[in-house]
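Report on one structure; see the data block that follows.
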């Protein structure tokens, strides 16, 4: 079942998806929300077997996998509710021109699905960012069909989750072709998908090199298509002086918990910690060393990720004046130790590779001597998914310019916290500029992620009897709409 | 003044714009709206001299230029009002998680400007899509700085409008560097701008080849940047049988008025008319021939556009079984005749060049014999800015599948009208898939065009005293915000 899909079969799957899309695209939001809720229930009701399968394939703790599955169920349901609210569709109706009376001009606009979307899942989230993950959910919400390229690191989980979706489609009476999945050797199948004329958008989660390759291919098409790729990020942490003075030891404790959770395999992992070079550094390092030394090694997702971890670590340690600050028990093969390196500002700024993501239980602490070094560090980073500031009130007051610079860097800003899990809410922003993602204007998670796959279509002076239900005067679906500039759920009288 | 800007000076202008952006980006929406209103007033108060200058450079009728200038003033004001409403900023605040009580989780998100935007104006709208046009307005609204590459077809108008903006900036006490303009020989300066590290987005209006070149350059950058290019479109018109039977002669009259307005130099010009091959065709062509034959030739914008017009016309007439249906008095040099060609469905479908835009007073009428031909035509077109359907109620009922296909084709759908001017409203959608634009998810005109230049930034559990004003509990600016899923202008208590 996890053998590779032939190009002929990929083409067939895409064409089936397109046919299903032509059927699905005009389903109103209630019908689409119904499908999303059905898939959520099907995922929720999947049994413990899938946890074992995913655990075997990913080495992630079963508890973490159960939590991930619950999170994903919530994400599908939130997308369904967002559809029913109407918010993400950006429905706008103008029947007046510039506040004057009705002049016979009537313009009604709604977001519609782009077509068939292809999704590339991530190795580190076998449920949430894979076959039945948030990209698939957002695309279905938008009225699109989906073809997933299954991640090679968890083929059995992918097959299982495909069956979950197919079951939900069947129960709902929707065409099974609305969802397709392919298995591909290296990148041939994925590249074929991205080039396929009937594919109209791409969702990707993974490395910068992988995301960039897809972005470039999509941009070279005769008809370029949008790619939303969530890629690399070191999510720097800036610890400001007053906070540091009061909390260095407690900070070390919290950081250790964060670093070692799920073997650090979060895209929001904080890979660089910027802290003052003051006497408190000693208590910070003492606590961190003590906490980490008893830490058992953890298995990473794949052998190749473990290899990358070791290569990244070696490259960093190869830089003069980069040293090991603290580490846990050594690993072997797919298992690696938790490790924190240390260097100072001039060395960090002079060696670009120290700013690159090393996926896993790895971080580097950079010390700064003064405000100039801190300012230089704040301007050093490429765009990020998250940036964290640890600060007392007096720090926020004193370092306003720094906070401003940092707030330009990332899609999400945290105060006095590491960039822990992403909750699925309207305000969710899981994105950032390049190379964190390929388009800073969108989010990978949350109801607003649906907008990646929607295009506005305006109906001008259309026959009221032939408008899409979402745009009709009576507002039969009870959606939020901006009517002559005012958001309302009311009908038009 | 319209000599070419050296690369050194372009670099200087971009750096000045970036410095001004760093000052401007944290101005709250009221301060930005104030600037937009100031520029609107300055444009409004510019004297008749600019109409003469633009007329001389573009050959557009003075009346059309005055109307365009008024339209532009309105567009700046609408963008300002949209900012003050808050809609386009997509402000979302979640203080509850999934309907439960407050759990100490607080997430607040707002759209922020991408940085310095470069704008490439169009030849056919020296005010509305040029130096002080809608792209510049949208970028300022988003909190961005702007560097325009002036269009070579109207350099004096560009210099004048630059002074208009600079005057408004000066009066408002804003840094003049917030707006810059360059003049460039061929594409060297423009390409340099698109590659410049401090340029973070591009707005373009023009040809497919020009837009695609910029799109490709932007995509090849180390840090790719978003390009919104509005390019080519033939905006097909589908006339359905019952409508045709009742209105063929009146339709010809309306079409002639539309075709010849402003020498047909609209991006929403309807270049292809699809009509039934029935006896009513005779009255249609009789009226059209009669209306056009007395029509004087009109000067196009530039010699090169007149050349393209003649080349496009010759290429179309070179196709077997394409003939002249109606034409006006012949032109010479920059002046061209109004002309309508005719062919049938098989010929049209077999000759791709007949579906390409010929800018100016040019259209082609394609006749269909039956529903199969009509269906084939409806599936033939690439994406479009607009598509028009002329139909009686019974047509809409009978041809639902056709209407559905057409509604996938374009950003704006018109019923029983040609795609006349674009009004600036919340519902405005001036966009479409490739090659109509480079990104179907956005609009070039209207308040929602501001979203092209905004990226969401989320503040998680941020210190309330240091939140941007737009996200503060008290909502001091009275903006619309989605709070725990409900749009409201109320404060958070």
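The values are calculated or read from the model by the stated rules, or taken from the named source; none is laboratory data. As the structure is a computational prediction, the values presented were derived from the model and not from experiment. Cβ: placed from backbone, ideal geometry, glycine included. Neighbour counts: every protein chain shown.
Here are the numbers:
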item: Strands (runs of 3 or more DSSP E) completely within region A:105-175 that count 1 or more residues being under 18 Å from the mean Cα position of the chain (by Cα), within 14 Å of chain B (Cβ to nearest Cβ) and over 30 Å from residue A:464 (Cα atoms); result: A:116-120
item: Residue satisfying all of: in region B:224-233; under 14 Å from residue B:269 (Cβ atoms) and either at pLDDT 95 or above or touching a helix residue (DSSP H, G or I) at 6+ places or on another chain (Cβ under 6 Å) (or both); surrounded by the most Cβ atoms within 10 Å (Cβ to Cβ) among these; result: B:230
item: Residue in region A:98-115 that is crowded, with 24+ Cβ neighbours inside 10 Å, within 28 Å of residue A:59 (Cβ to Cβ), in the same structural domain as residue A:453 (by TED's automatic domain parsing) and touching a residue at least 60 places away in the same chain (Cβ under 8 Å) present; result: no
item: Selection status of residue A:381, more than 10 Å from every other protein chain (Cβ to nearest Cβ) and either part of a helix (DSSP H, G or I) or surrounded by fewer than 22 Cβ atoms within 10 Å (Cβ to Cβ) (or both); result: yes
item: Yes/no for residue A:359 being modelled with pLDDT under 95, within 17 Å of residue A:262 (Cβ to Cβ), within 29 Å of the chain's Cα centre (by Cα) and buried (at least 21 other Cβ atoms within 10 Å of the Cβ); result: yes
item: Which numbered condition residue A:490 misses (of (1) at the interface with chain B (Cβ under 8 Å from one of its Cβ atoms); (2) in contact with a strand residue (DSSP E or B) (Cβ under 9 Å, 6 or more places away or on another chain); (3) more than 30 Å from residue B:225 (Cα to Cα)); result: (1)
item: Qualifying residue in region B:39-46 (condition: within 17 Å of residue B:83 (Cβ to Cβ), in the same structural domain as residue B:174 (by TED's automatic domain parsing) and either crowded, with 21+ Cβ neighbours inside 10 Å or touching a strand residue (DSSP E or B) at 6+ places or on another chain (Cβ under 8 Å) (or both)); result: yes
item: Residue in region B:468-481 that is facing another protein chain (nearest Cβ under 7 Å) and either surrounded by fewer than 23 Cβ atoms within 10 Å (Cβ to Cβ) or in a helix (DSSP H, G or I) (or both) present; result: yes
item: Conditions (1) more than 21 Å from residue B:470 (Cβ to Cβ); (2) touching a strand residue (DSSP E or B) at 6+ places or on another chain (Cβ under 7 Å); (3) in contact (Cβ under 8 Å) with a residue 12 or more places away in the chain; (4) within 7 Å of chain B (Cβ to nearest Cβ); number of the one not met by residue A:437; result: (4)
item: Output for region B:21-43, where each listed residue is in a helix (DSSP H, G or I) and over 18 Å from residue B:135 (Cα atoms); result: B:22, B:23, B:30, B:31
item: Test for residue B:450: is it touching a residue at least 60 places away in the same chain (Cβ under 8 Å), surrounded by 24 or more Cβ atoms within 10 Å (Cβ to Cβ) and touching a strand residue (DSSP E or B) at 6+ places or on another chain (Cβ under 9 Å); result: yes
item: Any hit, region A:79-87, residues being within 12 Å of chain B (Cβ to nearest Cβ) and touching a helix residue (DSSP H, G or I) at 6+ places or on another chain (Cβ under 6 Å); result: yes
item: Some residue of region B:442-454 being part of a loop (DSSP other than H, G, I, E, B), facing chain A (nearest Cβ under 7 Å), within 29 Å of the chain's Cα centre (by Cα) and modelled with pLDDT of 95 or more; result: yes
item: Matching residues in region B:406-433 - criterion: being at the interface with another protein chain (Cβ under 8 Å from one of its Cβ atoms), surrounded by fewer than 24 Cβ atoms within 10 Å (Cβ to Cβ) and in a loop (DSSP other than H, G, I, E, B); result: B:408, B:416, B:417, B:423
item: Condition check for residue B:60: out of contact with any strand residue (DSSP E or B) (no Cβ under 8 Å at 6 or more places or on another chain) and outside any helix (DSSP H, G or I); result: yes
